[in-house]
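Student: Pasting in a structure now, in structure tokens, and then I'll have a few things to ask.
The values are calculated or read from the model by the stated rules, or taken from the named source; none is laboratory data. This one's a predicted model, so the numbers in the text were calculated from it and none came from an experiment. Cβ: placed from backbone, ideal geometry, glycine included. Neighbour counts: every protein chain shown.
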Amino acid sequence: MASDNQRPPRDQAPRDQAPRDQHWDPERYARNARFVSDLGRPVLDLLAPAAGERILDLGCGDGPLTLEIMRSGAEVLGLDASPEQVAAARAEGVDALVGDAMALDFDQAFDAVFSNAALHWMTRPAAVIDGVWRALRPGGRFAGEMGGQGNVGRIHAALISALDRRGIDGRAVDPWYFPSPEAYHAKLEERGFEVREIALHPRPTELPGAMEGWLQTFAEPFIKALPSADRAAFLAEVSAALRPELFAQGRWTADYVRLRFLAIRPPTPPGSADDTKGTLVSGGARS
Ligand SMILES: C[S@@+](CC[C@H](N)C(=O)[O-])C[C@H]1O[C@@H](n2cnc3c(N)ncnc32)[C@H](O)[C@@H]1O
């Protein structure tokens with residue numbers, strides 16, 4: 001079992017399908033995953049929001065980091081594919097809309113686009129990067145943090161192995177896109193971004209509860225590959241496989257590796273046709 005977990009993560013190719021089996025329940029998310037936004041300080045610092053800026057938060061979730069950006073005096077719009085998360089964000093006072101970040105339809109409407117812990121759920125990264133490019137005014141910045149190559153590597157391998165043992169292709173239901181810095185750098189550059197900074201940051205993270213809570217919160221597409229009756233045993237088996245490496249002194253740890261980056265849409269030379277600042281297009285994302 002332990003040797004299964006040591007299998008290195010594959011070099012992932014993005015899949016075409018969004019992880020439709022992943023459901024975001026704000027109450028469960030707050031209970032099992034508050035650390036996701038609590039640990040968002042480094043990417044907020046990279047964004048360095050300023051008063052008066054217009055900023056888009058992609059995959060804003062229930063909005064704690066969106067609120068933090070708002071505290072800088074910036075005007076922030078949150079966008080998330082989950083109606084439940086958007087409702088929770090709105091209840092906290094965030095201006096948020098339901099939409100798919102892989103189908104953005106804004107035109108030079110923002111000074112910056114921000115994203116924390118969401119881009120690795122978006123299985124068509126080129127579509128996201130293209131939409132962000134169009135959403136930014138020339139000179140605008142894209143600051144993000146996501147799961148990077150090797151993120152939750154042991155957990156990932158254990159989930160796939162446990163499905164494989166049941167005759168199910170775990171990789172076919174894998175919802176995550178964890179790119180290397182080189183791969184994401186190349187995608188950003190391909191669209192025209194100037195990459196100022198991009199690097200992996202290993203960040204083992206103590207969990208607030210048991211591994212099963214983490215799995216139920218973040219690994220639904222793997223769990224839902226099985227009939228309901230088989231899921232409890234699956235979760236117990238994956239947790240047992242991970243225990244020797246990720247449980248110590250009464251606490252579970254997840255082997256997070258973050259990819260953090262800052263990229264700029266280059267300014268257009270003065271007087272060129274594109275040297276205009278657009279306005280917010282209503283209904284700015286096609287979901
Ligand atoms: C782990 S949560 C992170 C939420 C928030 N950014 C934070 O730091 O707490 C990931 C969020 O990404 C959203 N998401 C996933 N795929 C998306 C997509 N294609 N378009 C918009 N949002 C998406 C999910 O609905 C979820 O709320």
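Student: Contact list please: Cβ distance under 9 Å, first residue in the range 151-180 and without any contact (Cβ under 8 Å) to a residue 40 or more places away in the chain, second residue aliphatic (A, V, I, L, M) and not in a helix (DSSP H, G or I), pairs at least six apart or on different chains.
Tutor: Short answer, once both residue conditions are applied: 169/225; 172/225.
Student: For the range 35-61, enumerate the residues that are within 8 Å of the ligand (Cβ to nearest atom) and modelled with pLDDT of 80 or more.
Tutor: Taking the range 35-61 as the starting set, the residues that turn out to be within 8 Å of the ligand (Cβ to nearest atom) are 36-37, 40, 57-61.
Scanning the range 35-61 gives 40, 57, 58, 59, 60, 61.
Student: For the subset of the range 11-34 comprising residues that are among the charged types (D, E, K, R) and surrounded by 13 or more Cβ atoms within 10 Å (Cβ to Cβ), which member is modelled with the highest pLDDT?
Tutor: Among them, the one singled out is 25.
Student: I'm trying to understand the selection: among the residues of the range 69-90, which are acidic (Asp, Glu), surrounded by fewer than 24 Cβ atoms within 10 Å (Cβ to Cβ) and within 17 Å of residue 110 (Cβ to Cβ)?
Tutor: Pass one, the range 69-90, residues acidic (Asp, Glu): 75, 80, 84.
Narrowing further to those that are surrounded by fewer than 24 Cβ atoms within 10 Å (Cβ to Cβ): 75, 84.
Within the range 69-90, just 75 meets the criteria.
Student: Right, next: Among the residues of the range 130-146, write down those that are surrounded by 22 or more Cβ atoms within 10 Å (Cβ to Cβ) and not aromatic (Phe, Trp, Tyr). Before the answer, list the steps.
Tutor: Of all residues in the range 130-146, those surrounded by 22 or more Cβ atoms within 10 Å (Cβ to Cβ) come to 131-132, 135-136, 140-146.
Matches in the range 130-146: 131, 132, 135, 136, 140, 141, 143, 144, 145, 146.
Student: Identify, from the list 123, 66, the residue that is surrounded by fewer than 22 Cβ atoms within 10 Å (Cβ to Cβ) and either within 12 Å of the ligand (Cβ to nearest atom) or of a type in the set (Phe, Trp, Tyr) (or both).
Tutor: Working: 66 fails: surrounded by fewer than 22 Cβ atoms within 10 Å (Cβ to Cβ).
Unique residue meeting the criteria: 123.
Student: Here is a follow-up. Looking only at residues that are in contact with a strand residue (DSSP E or B) (Cβ under 7 Å, 6 or more places away or on another chain) and part of a loop (DSSP other than H, G, I, E, B) in the range 43-60, which one is surrounded by the most Cβ atoms within 10 Å (Cβ to Cβ)? Spell out how you get there, then give the answer.
Tutor: We begin by selecting, within the range 43-60, every residue in contact with a strand residue (DSSP E or B) (Cβ under 7 Å, 6 or more places away or on another chain); these are 43, 46-47, 49, 53-60.
With the extra rule that they be part of a loop (DSSP other than H, G, I, E, B), the set shrinks to 49, 53, 59-60.
Working: 49: 22, 53: 19, 59: 24, 60: 32.
Applying the filter and picking the extreme gives 60.
Student: If you scan the range 16-34, which residues turn out to be near the ligand (Cβ under 8 Å from one of its atoms) and farther than 16 Å from residue 92 by Cα?
Tutor: Scanning the range 16-34 gives 18, 19, 22, 24, 33.
Student: I need a count of the residues in the range 191-202 that are crowded, with 16+ Cβ neighbours inside 10 Å and either at positive phi or assigned to a strand (DSSP E or B) (or both).
Tutor: 3
Student: Please determine, by comparing only the residues of the range 253-287 that are within 16 Å of the ligand (Cβ to nearest atom) and under 19 Å from residue 56 (Cα atoms), which one is modelled with the lowest pLDDT.
Tutor: My answer is 283.
Student: Right, next: With the requirement that a residue be at pLDDT below 95 and surrounded by fewer than 16 Cβ atoms within 10 Å (Cβ to Cβ), what does the range 209-222 give you?
Tutor: Of everything in the range 209-222, just one residue is at pLDDT below 95 and surrounded by fewer than 16 Cβ atoms within 10 Å (Cβ to Cβ), namely 209.
Student: Do we have residue 88 as farther than 21 Å from residue 49 by Cα, among the aliphatic types (A, V, I, L, M), touching a residue at least 24 places away in the same chain (Cβ under 8 Å) and within 11 Å of the ligand (Cβ to nearest atom) here? Reasoning before the result, please.
Tutor: Details: farther than 21 Å from residue 49 by Cα: yes; among the aliphatic types (A, V, I, L, M): yes; touching a residue at least 24 places away in the same chain (Cβ under 8 Å): yes; within 11 Å of the ligand (Cβ to nearest atom): yes.
For residue 88, the condition - farther than 21 Å from residue 49 by Cα, among the aliphatic types (A, V, I, L, M), touching a residue at least 24 places away in the same chain (Cβ under 8 Å) and within 11 Å of the ligand (Cβ to nearest atom) - is met.
Student: Here's a follow-up. Search the range 91-120 for residues being farther than 20 Å from residue 44 by Cα and within 12 Å of the ligand (Cβ to nearest atom), and hand back the single one that is surrounded by the most Cβ atoms within 10 Å (Cβ to Cβ).
Tutor: If we take residues in the range 91-120 being farther than 20 Å from residue 44 by Cα and within 12 Å of the ligand (Cβ to nearest atom), then 104 is surrounded by the most Cβ atoms within 10 Å (Cβ to Cβ).
Student: Out of the range 223-265, which residues are assigned to a loop (DSSP other than H, G, I, E, B) and surrounded by 12 or more Cβ atoms within 10 Å (Cβ to Cβ)? Break it down stepwise before answering.
Tutor: Pass one, the range 223-265, residues assigned to a loop (DSSP other than H, G, I, E, B): 224-227, 249-250, 265.
Listed by number, the residues that qualify are 224, 225, 226, 265.
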